[in-house]
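Undergrad: First the structure, which I've put down as structure tokens, then a few questions once you've had a look.
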Amino acid sequence: MAQNYYQKEIETMPIEEMRKLQSEKLVKQVKHVYENVPYYKNLMDEKGVKPEDIKGIDDLRKLPFLTKADLRDAYPYGLLAKPLNDCVRIQSTSGTTGRRVVAFYTQKDIDLWEDCCARAIVAAGGTNKDVCQVAYGYGLFTGGAGLNGGSHKVGCLTLPMSSGNTERQIQFMTDLNATILCCTPSYAAYIGETLKEQGYKPEDIPLKAGIFGAEPWTEEMRRGIEEVLGIKAYDIYGLTETTGPGVSFECSEQTGMHVNEDHFYAEIIDPDTGEVLPEGSKGELVFTSLDKEAFPLLRYRTRDICVLSRKKCSCGRTLIKMAKPMGRTDDMLIIRGVNVFPSQIETVLLNEGYQPNYQIVVDRVKNTDTFEVDVEMTPKKFTDKVADIIKMEKELSAAMKAMLGINPAVHLVAPKSITRSEGKAVRVIDKRKLV
């Protein structure tokens, strides 16, 4: 089977050459960050590390980590490494307590990001003869922007649909013969079910491939999507902090995602000690942006648990592979592609005059995540009038949507009715089978 590459020289580069390239980029990047980001300079100074101590990729472990807490403390400009007038865009995701993660991009940053997404599209069989339907959200969310740019780089006819309006999605897909679909896996499954209900068979649908990410999904879900849409479904990974989708991508082998390691250096660490673990070990994934100009994070702790492998791949790519994330080291939930932290729910409840006595219940029904929050009424707010309860539930739901960007179904319950174990309520019940 002939293999397609967007940038073959990089994607099939011998490991020794890649390490040399990574080392050269890292030395420059550390100097750039030390000289332009006082926040990170202070972290390095505290650790007693100077730029001249970093002579290559093997010295990376001398550098301090960055975490979500650092992004929150440095918000909005504290980790910016370029003057604002050199930046042409921001992208953003929700933060843990209402402070968003804001990532800055120079034009060069956007070009490199789009190259990474183009590699993913070509790995899924995309060429300039394809019609690429991008049904990730556009706007501050990185999904739409990244795959849109990658599709342009490949030369596909790009349908910038954004998410939602499924009837219109299907109309454009069938009328314009879309061959590649990019969206969350749950939305792909929903489109597939809707097509089936409308009487379409897989052979009637023009799609040949799908690039799905932004939320966890299982192998069973992959097979279901492939069956209902008649396609091959590829995984893609990324996070706003490093750039967006395209940090890694799946090839035809579908046994993990190749990391674009000329731009992002991946490490696996012990989440408790911070010690770097050998290849094949399960631990927390850490990324260093090797050539991002405006928002270059060094040793950023993703909180995703996974495994890295250099096992030879049948696609011919030599880029290291990461497994699907197997969980988190923090309490973040990903619901319909949106990052949700229990601490955000607590912030809303306290702002609205409630005590933080609540329970989040997440499930997956017909391949779509359901999101419910049970909240105990305070004695002061307690009422048995149904109309008053419905009004308060709607107000709380709206406040949570303003914080999270996603609308939960809120249920107000009587004081002390949420079961407590050893005095503590179980905050999250996730009924989805994601592993």
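Undergrad: Restricting attention to the range 20-31, report how many residues are closer than 14 Å to residue 298 by Cα and open to solvent by 40 Å² or more (accessible area, probe 1.4 Å).
TA: To start, the set of residues in the range 20-31 that are closer than 14 Å to residue 298 by Cα comprises 22-23, 25-31.
Subset that is open to solvent by 40 Å² or more (accessible area, probe 1.4 Å): 25, 27-28, 31.
So the count comes out to 4.
Undergrad: Given the residues 196, 201, 153, which is the only one that is more than 20 Å from the chain's Cα centre (by Cα) and under 27 Å from residue 266 (Cα atoms)? Before you say what the answer is, go through the steps one by one.
TA: Working: 196 fails: under 27 Å from residue 266 (Cα atoms); 201 fails: under 27 Å from residue 266 (Cα atoms).
When all the criteria are applied, what remains is 153.
Undergrad: So residue 193 ticks every box in (1) more than 22 Å from residue 371 (Cα to Cα); (2) of a type in the set (D, E, K, R); (3) surrounded by 13 or more Cβ atoms within 10 Å (Cβ to Cβ) but one. Which box is left unticked?
TA: (1)
Undergrad: Considering only the range 265-275, I want to know if a residue exists there that is hydroxyl-bearing (Ser, Thr, Tyr), open to solvent by 30 Å² or more (accessible area, probe 1.4 Å) and touching a strand residue (DSSP E or B) at 6+ places or on another chain (Cβ under 9 Å).
TA: Within the range 265-275, the subset hydroxyl-bearing (Ser, Thr, Tyr) is 265, 273.
Filter again for open to solvent by 30 Å² or more (accessible area, probe 1.4 Å), leaving 265, 273.
Right, trim to touching a strand residue (DSSP E or B) at 6+ places or on another chain (Cβ under 9 Å) and you get 265.
Yes - at least one qualifying residue is present in the range 265-275.
Undergrad: Select from the range 350-370 the residues that are farther than 18 Å from residue 429 by Cα and either at pLDDT 90 or above or not aliphatic (A, V, I, L, M) (or both) and list them in ascending order. Quick ask: steps written out before the conclusion?
TA: Initially, the range 350-370 is screened for residues farther than 18 Å from residue 429 by Cα, giving 350-355, 366.
Within the range 350-370, 351, 352, 353, 354, 355, 366 qualify.
Undergrad: Restricting to the range 56-77, give me the number of residues that are touching a residue at least 40 places away in the same chain (Cβ under 8 Å) and in contact with a helix residue (DSSP H, G or I) (Cβ under 9 Å, 6 or more places away or on another chain).
TA: Pass one, the range 56-77, residues touching a residue at least 40 places away in the same chain (Cβ under 8 Å): 57, 60-61, 63-68, 71.
Among the residues that remain, those that are also in contact with a helix residue (DSSP H, G or I) (Cβ under 9 Å, 6 or more places away or on another chain) are: 57, 60, 63-66.
Here the count works out to 6.
Undergrad: Hey, any hits in the range 320-330 for a residue that's open to solvent by less than 50 Å² (accessible area, probe 1.4 Å), outside any strand (DSSP E or B), of a type in the set (A, V, I, L, M) and out of contact with any His (no Cβ under 6 Å at 6 or more places or on another chain)?
TA: Yes: one or more hits.
Undergrad: Related question: I'm checking my understanding of the structure. Among residues of the range 10-19 that are of a type outside the set (A, V, I, L, M) and within 27 Å of the chain's Cα centre (by Cα), which one is most open to solvent (accessible area, probe 1.4 Å)? Show your work before the answer.
TA: So in the range 10-19, the residues of a type outside the set (A, V, I, L, M) come out as 11-12, 14, 16-17, 19.
Applying the additional criterion that residues be within 27 Å of the chain's Cα centre (by Cα) yields 11-12, 19.
Numbers: 11: 0, 12: 39, 19: 82 Å².
Top of the filtered list is 19.
Undergrad: Anything in the range 295-319 that is more than 23 Å from residue 403 (Cα to Cα) and open to solvent by 20 Å² or more (accessible area, probe 1.4 Å)? List them, or say none.
TA: Matches in the range 295-319: 301, 305, 307, 309, 310, 311, 312, 314, 316, 318.
Undergrad: Hey, another quick one. Take the conditions modelled with pLDDT of 95 or more and surrounded by fewer than 16 Cβ atoms within 10 Å (Cβ to Cβ) and apply them to residue 218. Does it pass?
TA: Working: modelled with pLDDT of 95 or more: no; surrounded by fewer than 16 Cβ atoms within 10 Å (Cβ to Cβ): yes.
No: the conditions fail for residue 218.
Undergrad: Within the range 196-213, how many residues are open to solvent by 70 Å² or more (accessible area, probe 1.4 Å) and not aromatic (Phe, Trp, Tyr)?
TA: Filtering the range 196-213 down to residues open to solvent by 70 Å² or more (accessible area, probe 1.4 Å) leaves 196-198, 200-201, 203-204, 208.
If we keep only those that are not aromatic (Phe, Trp, Tyr) too, we end up with 196-198, 201, 203-204, 208.
The total comes to 7.
Undergrad: Within the range 1-47, track down each residue that is closer than 24 Å to residue 117 by Cα, touching a helix residue (DSSP H, G or I) at 6+ places or on another chain (Cβ under 7 Å) and not aromatic (Phe, Trp, Tyr). Explain how you work it out, then say what you get.
TA: Here is the first cut: in the range 1-47, the ones closer than 24 Å to residue 117 by Cα are 1-15, 17-26, 29.
Right, trim to touching a helix residue (DSSP H, G or I) at 6+ places or on another chain (Cβ under 7 Å) and you get 4-7, 11, 19, 22-23, 26.
Residues satisfying the conditions are 4, 7, 11, 19, 22, 23, 26.
Undergrad: Looking at the range 40-80, which of the residues that are open to solvent by less than 60 Å² (accessible area, probe 1.4 Å) and among the hydroxyl-bearing types (Ser, Thr, Tyr) is nearest to residue 330 (Cα to Cα)?
TA: Of the residues in the range 40-80, the ones open to solvent by less than 60 Å² (accessible area, probe 1.4 Å) are 40, 43-45, 48-49, 51, 53-54, 56-57, 59-60, 63-71, 74, 76, 78-80.
In the following step, the residues that additionally are among the hydroxyl-bearing types (Ser, Thr, Tyr) were identified as 40, 67.
On the way: 40: 23, 67: 11 Å.
So, considering only residues that are open to solvent by less than 60 Å² (accessible area, probe 1.4 Å) and among the hydroxyl-bearing types (Ser, Thr, Tyr), the one nearest to residue 330 (Cα to Cα) is 67.
Undergrad: Residues of the range 373-412 being within 22 Å of the chain's Cα centre (by Cα) and open to solvent by 30 Å² or more (accessible area, probe 1.4 Å), which ones? Break it down stepwise before answering.
TA: The initial filter retains those residues of the range 373-412 that are within 22 Å of the chain's Cα centre (by Cα), namely 400-408.
Passing the criteria: 401, 402, 403, 405, 407.
Undergrad: Can you tell me how many residues within the range 174-183 are open to solvent by less than 10 Å² (accessible area, probe 1.4 Å) and in contact with a strand residue (DSSP E or B) (Cβ under 6 Å, 6 or more places away or on another chain)?
TA: Filtering the range 174-183 for residues open to solvent by less than 10 Å² (accessible area, probe 1.4 Å) gives 178, 180-183.
Still in the list and also in contact with a strand residue (DSSP E or B) (Cβ under 6 Å, 6 or more places away or on another chain): 178, 180-182.
Count: 4.
Undergrad: Another question, if that's okay. Restricting the first residue to the range 134-159 and requiring it to be open to solvent by less than 20 Å² (accessible area, probe 1.4 Å), which pairs with a second residue that is of a type in the set (D, E, K, R) and at pLDDT below 95 meet a Cβ separation below 6 Å and a spacing of at least six or different chains?
TA: Between residues of the range 134-159 that are open to solvent by less than 20 Å² (accessible area, probe 1.4 Å) and residues that are of a type in the set (D, E, K, R) and at pLDDT below 95, there is no close pair.
Undergrad: Among the numbered criteria (1) touching a residue at least 60 places away in the same chain (Cβ under 8 Å); (2) surrounded by 24 or more Cβ atoms within 10 Å (Cβ to Cβ); (3) under 17 Å from the mean Cα position of the chain (by Cα), which one does residue 126 miss?
TA: (3)
Undergrad: Can residue 343 be described as among the small types (Gly, Ala, Ser) and open to solvent by 30 Å² or more (accessible area, probe 1.4 Å)?
TA: So residue 343 passes the test.
The values are calculated or read from the model by the stated rules, or taken from the named source; none is laboratory data. Everything numeric in this text was worked out from a predicted model, so none of it was measured. Virtual Cβ from ideal backbone geometry, glycine too; neighbours counted across all protein chains shown. In case anyone asks, the SASA skips ligands and DNA or RNA and just uses the protein heavy atoms, side chains included. Shrake-Rupley method; radii C 1.70, N 1.55, O 1.52, S 1.80 Å.
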